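Comments concern the structure below.
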Amino acid sequence: MRIGGLASGMDTDAIIKKLMAAQRIPLDKLAQKKQALEWKRDDYRTLNSKILEFRNAAFDMKLQSGYLAKKVSSSQENIVSVTGTANANEGQYTIQIKELAASASLTSGDLAGPPGVGKKLSVLNLSSETELKVTGEKGTASITIKPTDSIEDLVSSINNNAASTGVKVSYDANMDRLFFSSSKSGQTSKINLELGNGDNINTIFGFSTASVQLEGSKMLVPSELIDNTLSGTSKFTIKYDNINYDFDVTSTTTMGDLVNQMNNKLTKVGVDASLNSSGKLTFANADKTKAITFSDDAGGAIVNKLGVDTPLKPNSAVISATGKNAKVLFNGIEAEYDSNTFSIAGMSFTAKQESSTVVNVGVTQDVSSVVDTIKKFVEKYNSLIDEVNKEVQEKRQRNFQPLTSEQREAMSEDEIKKWEERARSGMLSNDQLLTSGLSSLRISLSNSVSGLPAGQIKSLAEIGISNSNVNGSVISGTYADRGKLYIDEAKLTKALTEKPEEVMALFTAKGATESSDGIASRLYDKSVVLFKQITEKAGTAEANDNNYSMGKENKLITDQIARLTERLDDMEKRYYKQFTAMETYLNKMNSQSAWLTQQFSS
């Protein structure tokens, strides 16, 4: 706060302000130069974002898959739906859904005690604290459960380990049941629940739909040989549902090898073989009414070694379930998949219901989709052409410079807005970088593609894309459009229908030279170069000023403004100091004059 002119009566602030106004002219010019530079930089960046969009579109047009779109239909969408990829071959196919894939699942019976939230496991006849071993396709987790735990505690403990087991459970209080499910479908999905204290798991949870666990009498190790004294190849036979399943056993066959052999055949009929936590050979029998018996051609030696020479004992502490694969007939060939969504011959199928109906599947070329893709690309190109032409043709109104801070204070918001619209116009007028970049894009489009076989399509004009289009009496495209493209859709559709491979090559060919590159390849390369050039000049929003040329220039101006501002501040302080000294001397003179006047008057 300064108060001047007390002795002199002069308006010190007004005088210094006028003195400084002349001194601030260079500073104002620097600020205007900085603002104009930032406007130009921002215009470059805005345009560069559109060049980036076009570059990405050109990259997509380089991919052959975009020209090989297929239209796929199913005669029975309610049975199986289908979509196609570029790898699907045109033709007619058949498919029948014999069985749907299913995930492993277990449903408890009605749990003991009144239904509802907060029910304790003690009500379910859990006698003591024990381990519940949960096994799924992902692995095994042991969970400690206690009679004092609630149903919700059990659910939370199992679900917290779902990432390592692949098994989840939910509880419905109204139905008073637990619902276990595996994370995936197919015959490899499984749920295995085992109580560590030997309690009957059915007594507690009342499972009724799960398979029966039958186990042998001997402790086995997966890596150990079954019988190293065998000579030649012996047959181990499992009889299930009156069908014999034979497995080869030699002196080098391990227990793990045999389990894998058994599951390769038996899983398909609902029997799952494994070594349980006690090392005993265990069979999960999906159908409790069908017996499993064992024999061999080695005089019973293998049966004895495996501990299945006596009837297998049910393991009441274990309950399990497995999923099943989808079974389909594709063109009369049977195949299995672990999911109801599967791929065959470049087609993706989703099976919805089992049926004896044979579904017809048709694959045809999707010409309309490719036409739309090319049209969108041309629209993207025309949009870029419009934006660049707008910038380079816009006139620079040099009578309207960026406003100084004092000029802004004297104007309304509406006046400032109108002024700056004119001041910002034409920042990229006749810009050499943009005009040369635009010219390179036009040349890439107009030049034919060399290196393609004789008689093959070599230019855009041959497929109905050019700078002009004649449709009856209507002519589209003039010199004033400055390079925009127009499409004869009928001609383009005809070319794609009759010569799809040639149209694809026109856009996607990659040759040894630029002239032998396809149109999309050329445009991609040119837009990459132009994008890089503008980025090196104007940078990006995240770039450091030292990393691009306009940023360095802006930083230099900012430093000049800072130094000049400091000098002007010093100058203003000096003016105030000088005027203060003057006021001090005038005040002293006035005091002396008053004293002399007083002396003479006395």
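Looking across region 78-87 at every residue that is in contact with a strand residue (DSSP E or B) (Cβ under 9 Å, 6 or more places away or on another chain) and at pLDDT 90 or above, the one that is farthest from Phe349 (Cα to Cα) is identified as Ile79. Of the candidates Ile16, Ile51, the single residue that is within 30 Å of Glu394 (Cα to Cα) and either touching a His at 6+ places or on another chain (Cβ under 7 Å) or outside any strand (DSSP E or B) (or both) is Ile51.
Among the conditions (1) in contact with a Leu (Cβ under 9 Å, 6 or more places away or on another chain); (2) not in a helix (DSSP H, G or I), Thr357 misses just one, which is (1).
Inclusion of Tyr93 among residues that are over 30 Å from Gly270 (Cβ atoms), hydroxyl-bearing (Ser, Thr, Tyr) and not in a helix (DSSP H, G or I) is warranted.
Look at Thr46 and say whether it is surrounded by fewer than 15 Cβ atoms within 10 Å (Cβ to Cβ), under 30 Å from Glu391 (Cα atoms), modelled with pLDDT of 90 or more and out of contact with any Phe, Trp or Tyr (no Cβ under 7 Å at 6 or more places or on another chain). So Thr46 passes the test. Of the numbered criteria (1) within 27 Å of Asn200 (Cβ to Cβ); (2) crowded, with 18+ Cβ neighbours inside 10 Å; (3) in contact (Cβ under 8 Å) with a residue 60 or more places away in the chain, the one Asp110 fails is (2). The set of residues from region 22-46 being farther than 19 Å from Asp545 by Cα and in contact (Cβ under 8 Å) with a residue 24 or more places away in the chain comprises Gln23, Arg24, Pro26, Leu27, Asp28.
Return only the number of the condition from (1) crowded, with 16+ Cβ neighbours inside 10 Å; (2) at pLDDT 90 or above that Lys390 does not satisfy. So the condition that Lys390 fails would be (1). Scanning region 96-129 for residues that are over 43 Å from the mean Cα position of the chain (by Cα) and either more than 17 Å from Ser150 (Cβ to Cβ) or assigned to a loop (DSSP other than H, G, I, E, B) (or both) yields Asp110, Leu111, Ala112, Gly113, Pro114, Pro115, Lys119, Asn125, Leu126, Ser127, Ser128, Glu129. For region 205-257, residues that are part of a strand (DSSP E or B) and at pLDDT 85 or above total 16.
Does Ser164 qualify as being out of contact with any Cys (no Cβ under 9 Å at 6 or more places or on another chain), in the same structural domain as Gly139 (by TED's automatic domain parsing) and among the polar types (S, T, N, Q)? Please lay out each step first, then the result.
Values: out of contact with any Cys (no Cβ under 9 Å at 6 or more places or on another chain): yes; in the same structural domain as Gly139 (by TED's automatic domain parsing): yes; among the polar types (S, T, N, Q): yes.
In short, yes.
With respect to Asp570, is the statement that it is closer than 30 Å to Glu391 by Cα, in a helix (DSSP H, G or I) and out of contact with any Ser or Thr (no Cβ under 6 Å at 6 or more places or on another chain) true? No, not satisfied. Selection of region 272-284 for residues being of a type in the set (A, V, I, L, M) and touching a residue at least 40 places away in the same chain (Cβ under 8 Å) yields Leu275, Leu281, Ala284. Taking each residue of region 542-556 that is under 16 Å from Lys34 (Cα atoms) and looking for partners that are surrounded by 13 or more Cβ atoms within 10 Å (Cβ to Cβ) and at pLDDT below 90 with beta-carbon atoms closer than 7 Å, six or more apart or interchain, yields Gly551/Ala543; Gly551/Asp545; Lys552/Asp545; Asn554/Asp545; Lys555/Asp545. Considering region 360-379, the residues that are out of contact with any Asp or Glu (no Cβ under 8 Å at 6 or more places or on another chain) and not in a helix (DSSP H, G or I) include one that is nearest to Phe507 (Cα to Cα), namely Asp366. Looking at Tyr576, is it surrounded by 11 or more Cβ atoms within 10 Å (Cβ to Cβ), assigned to a helix (DSSP H, G or I), without any contact (Cβ under 8 Å) to a residue 24 or more places away in the chain and not hydrophobic (A, V, I, L, M, F, W, C)? Considered against the rule, which asks whether it is surrounded by 11 or more Cβ atoms within 10 Å (Cβ to Cβ), assigned to a helix (DSSP H, G or I), without any contact (Cβ under 8 Å) to a residue 24 or more places away in the chain and not hydrophobic (A, V, I, L, M, F, W, C), Tyr576 comes out as no.
Consider Gly136 carefully, then state whether it is loosely packed, with under 15 Cβ neighbours inside 10 Å, under 44 Å from the mean Cα position of the chain (by Cα) and not polar (S, T, N, Q).
So Gly136 fails the test.
Consider region 288-337 and keep the residues that are β-branched (Val, Ile, Thr), assigned to a strand (DSSP E or B) and modelled with pLDDT of 90 or more. The one that is farthest from Asp199 (Cα to Cα) is Ile333.
Residues that are of a type in the set (S, T, N, Q) and within 30 Å of Lys327 (Cα to Cα) within region 219-274 comprise Thr237, Asn242, Asn244, Asn260, Gln261, Asn263, Asn264, Thr267, Ser274, listed in sequence order.
Please state which of the following conditions Gly299 fails to meet, knowing it meets all the rest: (1) surrounded by fewer than 16 Cβ atoms within 10 Å (Cβ to Cβ); (2) in contact with a strand residue (DSSP E or B) (Cβ under 8 Å, 6 or more places away or on another chain). That leaves (2) as the condition not met. Each residue in region 144-177 was checked for being in contact with an Asp or Glu (Cβ under 8 Å, 6 or more places away or on another chain) and crowded, with 18+ Cβ neighbours inside 10 Å, and 4 pass. For region 75-90, the candidate set comprises residues that are among the small types (Gly, Ala, Ser) and assigned to a strand (DSSP E or B); within that set, the residue that is farthest from Leu329 (Cα to Cα) is Gly84.
The residues on offer are Leu434, Leu403, Leu428, and the sole one that is within 30 Å of Ala21 (Cα to Cα), buried (at least 19 other Cβ atoms within 10 Å of the Cβ) and of a type outside the set (Lys, Arg) is Leu403.
The values are calculated or read from the model by the stated rules, or taken from the named source; none is laboratory data. Here the structure is a predicted model, which means the values were calculated and not measured. Backbone-built Cβ (ideal geometry, glycine too); neighbour counts: all protein chains shown.
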